[in-house]
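Take a look at the structure below.
The values are calculated or read from the model by the stated rules, or taken from the named source; none is laboratory data. Nothing here was measured: the structure is a model prediction, and the numbers come from that model. So basically every Cβ, Gly included, is an ideal-geometry build from the backbone, and we count neighbours across all protein chains shown.
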Amino acid sequence: MSEMSNKVMRGLMISIIVMSAIMVGLSINTSIEAFDKKEEQEFKYHFQVIVDKSMEKNNRDELIQGCKDASKDKGVYIEVIEAIDDEHKAEIVDKAIYSKVDGLAYNVSNQSIATKLAKKASAVDMPIVNYGISAYTDKNIVNIHMTPYAISSMMVKSVSIEAKERKLSKKDLILVLLKECSTKDKNINNRLIKGFSKGISSKYKNNVKYIRVDAEGYDVSSKLKSQIEKYKKARIVVCFDDEYTNVASVIYSNKYKKKMSKKLTIIGYGFNKNNQDNVKDGKVKTLFNVKNQSIGYHSVEALVDMKKKTDVDIKKYMPLFQKIELNKENEVEVKDILVVK
Amino acid sequence: MGDSMWRDKFRVLKDNMNKLHMKLIMFFVLLVCAMMIIEAYRYSSLEELVHETENVFTSSENIISVTSKVDMVRENYENFLASKDDKDKKRFNRSKSNLEDALEILNLKGKYSDSNIKNVNLYNMVSYYIELLDEIINGKKKVTNAGIKEAAKLYQYIDEYANEIMGEQLQVDAKEYNNLKEKINKNNIRASILSAMALIISILCIILFSVGITTPIKKLSEKTRKIAEGNYNLSVYDDDASGEVGQLYDDFNVMAKSIRDNVDEIKRSRMLEQALAREKINNLNMQKALKEAEFSSLQAMVNPHFLFNTINIGSQLAMLNDDDKTCEYLQNAAELFRYNLNGLDYNTSLDKEIENVDHYITVMQTRYGDSIEYSKRFDHNINIENIILPKMTLQPLVEFLYINSVNSLEEGGMIKILINQNEKNYIVDILSGGNEIEQKIINGVMLDDSLLDEQTKNELNNSVEGKEYYMSILGVKNAVKRLRLLYERKDVVYIRRDDDINYITIKIPLDVQIDEV
């Protein structure tokens, strides 16, 4: 046989060997995949975390991520369940009790429902974390959240600094836009105002104007605009709602365009995509946010501690506050701020 | 020592691997292995897919089994509540036990995952339900409305949960089914591609093997055919041939060389035999010609010695009687006879032949007077003593010309001898004027008797000119024959006529070395 055909023969035989190796490899790979599928991890505890379906997607995802991070660190299993409203949450809690879940975390703002649920869970010695508003508490229940008072107390510091930088005169206004569409909102706003007014520098106390706006969804833009039009002297605008922060920044930037940063400063709350862009574009100077990831993480942490009957130190579970603004390089910078109650 | 042993073993192995049969064995073994592995892959893929398919349905089966048993337990519980009958209690306990057994399959003992957590919850819920009903039925707990309501609520929860699980499971099953379908298709495609590749590779290998085997055989077959056609100077070389093919080529070359040598040997022997045979034939012909010449000579001479002596005495008498002419005549005649007496079976030089012709012409001139004009002319650079001819060659030719062209003329004619030389030959021309020689006579002289027709032979034999005429033809024929035999050429002598001159030309090659014997 010629040298060429010998080489070709060798090449063909090598191809057969390689092909066989591929086959063996594929078979092994398939077996490994199959093997991987079957393996399940053993967990110490099984906790359920109930999240609002209406919660803003980013915030919800951050909360769940925080829970999952904690579950990895603590070796517990987290089951995330979406709930429509507080009644649905009550049903879920009921089922959880019958399912002998090791612990629950939820956000129930309705006081009576929250209390009822807490008592029920407490009756079966089930640890509860309510990462909503403060409610009934006992040894099996921990509340993890930022109070409106605490939020406004944090934000007012930035307002005072900004007022000083702008050298506000007596006529200049610090406009505080508050979303008030329900009694619940009213109660929250009262606490916000309390915190804000307590925290604002005495020099600028009289510059502050609180505007309660009853607007949601499509109404927000027009109603806010009409309010903003009334207060032409506003130099600092503070919003405690993410949607209001976004809409206000749009209105003012349309009004003042390039002169916006000279004319006024917006300090807002709520870390969503629009507001992030607003910070990047310079429409919003400072944005505040409660770090939902820390809420999720601390909730699971607290549940584990309660299950282990470890002493629960509420301060340990304080969620982080976030401050978002542009740095010297004009890049969006997110800073975590620990809030001590 | 060890290293060299391994090296030797490796060399032997390598040499073995070069052999065709080893290559064939290896190829087939590899092919079978490849096919088996492909089949093994197909089988393992199918097994895995079957297993996954089973899993798809197993979880649904488990839930259905549990929920149906829960229903049974509930039914028995309600029956007992209504009847308070021990039989219903026993039925309840049995169904409860069945449910507990069925439930065990959902007990994952802490091994949670996203896919099975709901089963865990259901397990716990059903366990709670069993406990609750058990407490009610077996009197551990007081039967209260709240308790019954709780049991009912729990059953509703279980039912909802089970339905939820089944619904989700159905979606998962559908997804799994699509995945499985896709996997099966992918696996089939992979396996088919690999099988096709294996098939193509096998076909290529088979083609290469068959070409590798048949090509050298064809080559050898072609060479063998050429050998059969007589071309023995062949060999087969291929640097890439190894193993059995290389061995075949080597053996073929040995065989071809052997055939070549044998054929050469046979050719040499045949050539020798042919040469010997030719020599033998020449000798026989020469002897025959000599015999004929002797015979004709003997016929012409009764007792040559007696005649020679008689003529010599006659010559002496003539000399004594002052008869110079007679003396000269007799002396020449004696010379003629003496030349003849010495035999014809040897060669002589041209100068002696010419001397003999001179004697003959003198005799003839004496006899016929001045009717013969005889002259000779030759280049003195030619050394005629070195030119060899058979004895008694020229005289018969001269006599032939005289008889056939000059003799019949009243006024006589010219006979001339010219000797020249060209690049290749000595040219001895014997010329005569007079009549043209008849073609039948020329044929009778130049051609072999076997080539003459009967009429020509008879005419020559029964010539009206008489015996002398016949004898002269015989003599020339003999001379021509002897010249041809000596020089081994047919064209050594030829007769022609040119410008009313008859020519007999003898062409003697310059490069032929013949000794005067």
Subject >> Among residues of segment B:34-51, those that are over 26 Å from B:Lys175 (Cβ atoms) and either surrounded by fewer than 16 Cβ atoms within 10 Å (Cβ to Cβ) or at the interface with another protein chain (Cβ under 9 Å from one of its Cβ atoms) (or both), counted >> reply: 6
**OP:** Could you check, for segment B:84-97, whether at least one of its residues is of a type outside the set (Gly, Ala, Ser) and within 14 Å of chain A (Cβ to nearest Cβ)?
**Re:** no
Original post:
B:Leu106 passes all but one of (1) of a type in the set (A, V, I, L, M, F, W, C); (2) buried (at least 20 other Cβ atoms within 10 Å of the Cβ); (3) more than 13 Å from chain A (Cβ to nearest Cβ); which number fails?
Top reply: (3)
Subject >> Which numbered condition A:Gly195 misses (of (1) over 27 Å from A:Ser253 (Cβ atoms); (2) within 27 Å of the chain's Cα centre (by Cα); (3) loosely packed, with under 15 Cβ neighbours inside 10 Å) >> reply: (3)
Original post:
Is there any pair linking a residue in segment A:44-61 that is part of a strand (DSSP E or B) to one that is among the polar types (S, T, N, Q) and modelled with pLDDT of 90 or more, with Cβ under 8 Å and at least six apart or on different chains, and which?
Top reply: A:Phe47/A:Ser71; A:Val49/A:Ser299
Original post:
Mind checking which residues of segment B:52-91 are surrounded by fewer than 16 Cβ atoms within 10 Å (Cβ to Cβ), charged (D, E, K, R) and within 28 Å of B:Lys175 (Cα to Cα)?
Top reply: B:Glu54, B:Glu61
**OP:** Report the residue count in segment B:340-353 for those that are at pLDDT below 85 and in a helix (DSSP H, G or I).
**Re:** 2
**OP:** Being modelled with pLDDT under 75, acidic (Asp, Glu) and in a helix (DSSP H, G or I) is the filter here, so list the residues in segment B:440-486 that pass it.
**Re:** B:Asp449, B:Glu459, B:Glu468
Original post:
Hey, any hits in segment B:269-278 for a residue that's closer than 26 Å to B:Phe27 by Cβ, small (Gly, Ala, Ser) and part of a helix (DSSP H, G or I)?
Top reply: no
Original post:
Would a scan of segment B:161-176 turn up a residue that is within 11 Å of another protein chain (Cβ to nearest Cβ), farther than 30 Å from B:Ser45 by Cα and assigned to a helix (DSSP H, G or I)?
Top reply: yes
**OP:** Being surrounded by 15 or more Cβ atoms within 10 Å (Cβ to Cβ) and more than 13 Å from chain B (Cβ to nearest Cβ) is the filter; apply it to segment A:83-95 and report the residue that is modelled with the lowest pLDDT.
**Re:** A:Asp86
Original post:
Looking at segment B:220-271, which of its residues are within 14 Å of chain A (Cβ to nearest Cβ), surrounded by 11 or more Cβ atoms within 10 Å (Cβ to Cβ) and charged (D, E, K, R)?
Top reply: B:Asp238, B:Asp240, B:Glu244
Original post:
Out of (1) hydrophobic (A, V, I, L, M, F, W, C); (2) closer than 30 Å to A:Ile78 by Cβ; (3) in contact (Cβ under 8 Å) with a residue 60 or more places away in the chain, the odd one out for A:Ile267 is which?
Top reply: (2)
Original post:
Does segment A:48-57 contain at least one residue that is closer than 14 Å to B:Ile117 by Cβ and either more than 14 Å from chain B (Cβ to nearest Cβ) or crowded, with 21+ Cβ neighbours inside 10 Å (or both)?
Top reply: yes
Original post:
Going through segment B:188-210 one residue at a time, which ones are more than 7 Å from chain A (Cβ to nearest Cβ) and either within 21 Å of B:Gly246 (Cβ to Cβ) or not in a helix (DSSP H, G or I) (or both)?
Top reply: B:Phe209, B:Ser210
Original post:
Does B:Ile25 satisfy the criteria of being farther than 30 Å from B:Leu204 by Cβ and modelled with pLDDT of 80 or more?
Top reply: no
Subject >> Hey, B:Asn179 within 14 Å of chain A (Cβ to nearest Cβ), closer than 25 Å to A:Ile92 by Cα and not acidic (Asp, Glu) or not >> reply: no
Original post:
A:Ala248 is checked against (1) in contact with a Ser or Thr (Cβ under 9 Å, 6 or more places away or on another chain); (2) touching a residue at least 60 places away in the same chain (Cβ under 8 Å) and fails just one. What number does that condition carry?
Top reply: (1)
**OP:** May I ask you to list pairs of residues, at least six apart or on different chains, whose Cβ atoms are under 6 Å apart, with the first in segment B:113-126 being closer than 17 Å to A:Val80 by Cβ and the second being at pLDDT 90 or above and among the small types (Gly, Ala, Ser)?
**Re:** B:Asn121/A:Ser99
**OP:** Kindly indicate whether any position in segment B:118-127 is away from chain A (no Cβ under 14 Å) and either of a type in the set (A, V, I, L, M) or part of a helix (DSSP H, G or I) (or both).
**Re:** no
**OP:** Could you list, in sequence order, all residues of segment A:104-113 that are surrounded by 22 or more Cβ atoms within 10 Å (Cβ to Cβ) and either away from chain B (no Cβ under 14 Å) or assigned to a loop (DSSP other than H, G, I, E, B) (or both)?
**Re:** A:Ala105, A:Tyr106, A:Asn107, A:Val108
Original post:
When you look at A:Lys309, is it surrounded by fewer than 20 Cβ atoms within 10 Å (Cβ to Cβ), more than 14 Å from the chain's Cα centre (by Cα), in a loop (DSSP other than H, G, I, E, B) and on the phi > 0 side of the Ramachandran plot, yes or no?
Top reply: yes
Subject >> Enumeration of residues in segment B:380-439 that are over 16 Å from B:Val357 (Cβ atoms), polar (S, T, N, Q) and in a strand (DSSP E or B) >> reply: B:Asn420, B:Gln421, B:Asn425
**OP:** Say whether the condition of being in a helix (DSSP H, G or I), in contact with a Lys or Arg (Cβ under 8 Å, 6 or more places away or on another chain), away from chain A (no Cβ under 14 Å) and without any contact (Cβ under 8 Å) to a residue 60 or more places away in the chain is met by at least one residue in segment B:58-77.
**Re:** yes
Original post:
Could you list, in sequence order, the residues of segment B:128-158 that are without any contact (Cβ under 8 Å) to a residue 24 or more places away in the chain and either assigned to a helix (DSSP H, G or I) or among the small types (Gly, Ala, Ser) (or both)?
Top reply: B:Glu131, B:Leu132, B:Glu135, B:Gly139, B:Asn145, B:Ala146, B:Gly147, B:Lys149, B:Glu150, B:Ala152, B:Lys153, B:Gln156
